[in-house]
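Note sheet for the following structure.
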Amino acid sequence: MDEARYPLISVLIPNFNYVKYVAQAVDSALAQTYPNIEVVVSDNCSTDGAWELLNGRYGDDPRVRLYQNETNIGMARNFDRLLELACGRYLMCLSSDDFLLPPHVARLEAGFARDPELDVVYCNAYFAREDGVAYTTRAMPGQFPVDFVDARDELVEEFTTVCPVCFPCALFKREVLLEPGICGDPGNGQDARDWELIIRLALEGKRFAYIAAPSMVIRLHADQFSGDGYHRSGRNVLDFAGYVERYVDHPEFLRRMRGRETGVARLLRTLVAQAPALNDGVSPFDDAQMAWFARLEQQLLARATVYDPARVRDSRVSVVVQTAGQPAPLLRALDSVAAQRVDNWEIVVVDHGPMNLEALLRSHAAWERIAYARLATPHSPGAARNLALRMIRGEYVAFLDPDNRYAADHLERAVEAIARTGAMASLAGSCLAVERTDGTASNAEQVGEVAAFGGAESDLALLEIAHAVPLDAVVLYRGLFDRIGTFNDAVPLLDDWDFTLRLARAVRFAPTGSTSVTVTARLGLFAQRLGAALPHYLAVLDALYAAHPVEGHAAERRARHRADVANALAAAPDWLREAHGVEAFMSVLAGRSPAPTEIRRPA
């Protein structure tokens with residue numbers, strides 16, 4: 001066997017009294033299409049005939065190594081025993097009641113072959129009944145909808161969502177699991193030691209990759225350790241609370257969970273509240289445990305109220321880009337991020353257009369600082385941005401439409417405005433550039449510009465009436481998402497206005513005093529989402545007004561603005577043919593001027 005091409009992979013199978021299932025687990029490992037596998041089984045003194053079955057069926061198979069402990073040493077120490085016995089470069093722990101589909105190991109190993117710097121590659125799974133018949137795909141809140149490579153912080157997911165990494169679905173580098181402190185002390189009192197192992201890997205900054213399509217099967221049955229009984233008894237909540245208490249003061253938790261403490265408290269509260277519903281309405285927790293949960297929650301919420309704006313100078317800014325169009329404008333936008341005078345930034349790209357842009361982005365100079373996710377079907381801008389927000393690692397967040405650009409001092413001025421004023425969000429000035437294209441959006445010629453297009457504090461009040469503040473002009477502290485929510489993913493447009501309006505109602509902004517964002521509109525709004533969505537504009541405007549009601553003079557101004565927008569939409573086919581018409585149209589949508597009765601035409 002060519003070890004360089006096909007490194008040995010150890011499939012580790014701990015077993016105790018699963019005579020009904022263990023043979024299917026071993027057989028599924030032996031049936032893998034990957035050619036270099038060893039199967040290591042450690043039986044924990046089974047009394048149901050499993051050990052005898054294993055010896056009779058696999059005792060002479062050179063691919064299988066069988067061991068039995070002298071006494072039952074418990075699940076955690078049995079896993080340690082398997083680690084000691086394994087010889088492979090990569091390790092997988094397969095529960096003896098689960099089983100693999102033939103391409104499973106090859107698919108995961110291919111992730112390491114493509115990116116040797118990875119530490120963990122994991123996939124999704126099917127759920128099966130006790131008889132092994134699969135009936136659904138595993139769908140848990142922490143799962144990602146698409147493949148990714150090191151595109152999110154698994155520590156955030158482990159403490160704010162449920163079951164993001166399914167342990168039996170994962171392939172690990174051997175040396176990673178053997179690092180001191182990773183597998184931990186099996187006597188720590190927690191049942192879900194695999195859960196803590198993933199937390200420790202995340203704390204150490206290990207790199208994860210994920211494959212969304214399932215290729216193994218998790219069997220659900222009455223005797224399953226982590227099944228119904230585990231949750232009905234509340235042991236899952238006790239485990240999670242124990243992990244929170246153990247790591248809440250860890251330096252990496254403090255750094256990477258800053259601004260996310262409310263999400264951790266919310267998950268703890270949710271798990272506690274769900275327990276009685278799983279237990280015939282009776283809480284499985286005593287008074288001391290409930291008091292413990294309450295203390296942890298209050299500790300987290302108190303920490304969430306602490307805000308140190310001076311940290312912004314040392315904090316990373318995540319620039320969120322959702323793209324569904326042609327690559328040339330996107331690459332120009334990314335160039336403007338790469339040219340920033342401050343260096344502590346990352347780019348998070350969610351691609352949901354007709355072209356897969358990953359290969360092009362890999363050739364960009366900023367690729368090593370880009371987290372990329374590809375959605376196979378079109379999504380609303382809000383849905384794409386919300387996915388990106390699950391990928392951010394920065395303590396502050398900025399946005400950039402692929403048609404727009406930053407000036408080189410944009411992030412620098414935002415950072416300084418926040419540090420100087422103590423605000424949680426900054427607001428830059430914008431200018432509008434009008435472009436003509438050759439019909440492809442690849443070659444664009446600027447044909448008009450409005451020097452000012454927002455950025456004054458008065459624009460924040462105007463948000464109650466119109467889309468007066470471009471989202472790209474805003475930089476904000478990530479903790480604000482727990483306060484105001486994320487983007488409305490159910491609308492085809494104006495989700496950015498809805499978001500900035502909620503943000504303006506919740507916090508004060510620090511104006512940067514600089515015009516550092518260029519908003520681009522093309523003649524005819526060619527290849528721009530706004531152009532395609534114009535038929536829906538008034539309906540979405542009405543829905544946004546209904547969601548954020550106002551009274552008195554503001555309501556009157558809204559009525560006038562709606563009328564101006566209706567007139568502009570009616571005239572759009574003529575207006576959008578020429579640069580000054582595009583300028584006038586965009587000014588009306590932004591609430592800066594009423595709809596003119598006619599468009600000036602060039603001499």
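Figures for the structure shown
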item	result
Hits in the stretch 1-43 (condition: β-branched (Val, Ile, Thr) and either closer than 21 Å to Phe167 by Cβ or touching a Ser or Thr at 6+ places or on another chain (Cβ under 8 Å) (or both))	Ile9, Val11, Ile13, Val19, Val22, Val26, Ile37, Val39, Val40, Val41
Set Ala532, Ala539, Ala510, Ala490: member being outside the structural domain of Gly263 (by TED's automatic domain parsing) and either surrounded by 15 or more Cβ atoms within 10 Å (Cβ to Cβ) or over 28 Å from Gly353 (Cα atoms) (or both)	Ala510
Residue in the stretch 143-154 that is touching a helix residue (DSSP H, G or I) at 6+ places or on another chain (Cβ under 7 Å), assigned to a loop (DSSP other than H, G, I, E, B) and under 17 Å from Ser95 (Cβ atoms) present	no
In the stretch 130-170, residue farthest from Leu118 (Cα to Cα) [restricted to those that are surrounded by 15 or more Cβ atoms within 10 Å (Cβ to Cβ) and of a type in the set (Gly, Ala, Ser)]	Gly132
1 or more residues more than 29 Å from Gly205 (Cα to Cα) and either in contact with a Gly (Cβ under 9 Å, 6 or more places away or on another chain) or at pLDDT 95 or above (or both): qualifying strands (runs of 3 or more DSSP E) within the stretch 41-135	64-68, 120-128
Checklist (1) touching a His at 6+ places or on another chain (Cβ under 9 Å); (2) among the aliphatic types (A, V, I, L, M); (3) not in a helix (DSSP H, G or I) applied to Val282, failing item	(1)
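The rows are residues; the columns are (1) in contact with a strand residue (DSSP E or B) (Cβ under 6 Å, 6 or more places away or on another chain); (2) under 26 Å from Glu457 (Cα atoms); (3) at pLDDT 95 or above; (4) part of a helix (DSSP H, G or I).
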| residue | (1), (2), (3), (4) |
| --- | --- |
| Thr520 | yes, yes, no, no |
| Ala532 | no, no, no, yes |
| Pro549 | no, yes, yes, no |
| Ala555 | no, yes, yes, yes |
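The values are calculated or read from the model by the stated rules, or taken from the named source; none is laboratory data. Everything numeric here is computed off the predicted structure, so don't read it as measured data. Ideal geometry is used to build each Cβ from the backbone, glycine not excepted, and the neighbour counts take in all protein chains shown.
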